[in-house]
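Written below as structure tokens is the structure these notes are about.
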Amino acid sequence: HSYRVRVEACGGLDERGFVVDYAEIKVAVAPLIARLDHQNLNDLFDFPTTSEHLAAWLYREAKKALPQLSRVVLHETTGTSVIYEE
């Protein structure tokens with residue numbers, strides 16, 4: 001599969017006028033994407049690698065570095081996606 005992921009943040013503005021800087025999002029998310037890229041996902045995880053489970057994993061992992069994270073949208077195809085939020 002070739003997934004696309006959208007990371008959304010929510011919150012008040014900081015002293016810079018940002019909810020979160022996009023560079024901070026990239027720093028938090030890039031290692032997660034690199035871990036998944038060109039891998040057999042079934043070999044990486046001990047849970048079913050459905051889009052729903054992957055979105056939940058991405059959310060939980062990214063949330064550790066991004067407290068402003070509000071949801072992850074994972075697109076499996078151009079016409080299908082799943083939204084994970086807590």
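Data table
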| read-out | value |
| --- | --- |
| Test set (1) of a type in the set (D, E, K, R); (2) over 22 Å from residue 86 (Cβ atoms); (3) in contact (Cβ under 8 Å) with a residue 12 or more places away in the chain - residue 4 fails condition number | (2) |
| First in segment 58-86 and touching a residue at least 60 places away in the same chain (Cβ under 8 Å) and within 19 Å of residue 24 (Cβ to Cβ), second anywhere and open to solvent by less than 70 Å² (accessible area, probe 1.4 Å) and part of a loop (DSSP other than H, G, I, E, B), Cβ under 9 Å, 6 or more apart | 69/20; 70/11 |
| Residue list for segment 21-62, filter: among the hydrophobic types (A, V, I, L, M, F, W, C), under 19 Å from residue 8 (Cβ atoms) and open to solvent by 40 Å² or more (accessible area, probe 1.4 Å) | 23, 27, 30, 33 |
| Within segment 32-45, tally of residues that are in contact with a helix residue (DSSP H, G or I) (Cβ under 9 Å, 6 or more places away or on another chain) and of a type outside the set (A, V, I, L, M) | 2 |
| Test set (1) at pLDDT below 95; (2) open to solvent by 90 Å² or more (accessible area, probe 1.4 Å) - residue 15 fails condition number | (1) |
| Test: residue in segment 65-73 that is within 14 Å of the chain's Cα centre (by Cα) and loosely packed, with under 10 Cβ neighbours inside 10 Å | yes |
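The values are calculated or read from the model by the stated rules, or taken from the named source; none is laboratory data. Computed from a predicted model, the values in this text were never measured in an experiment. Because the Cβ atoms are built from the backbone with ideal geometry, glycine has one as well, and the counts that use them run over all protein chains shown. Accessible surface areas use protein heavy atoms only, side chains included; no ligands, DNA or RNA. Shrake-Rupley method; radii C 1.70, N 1.55, O 1.52, S 1.80 Å.
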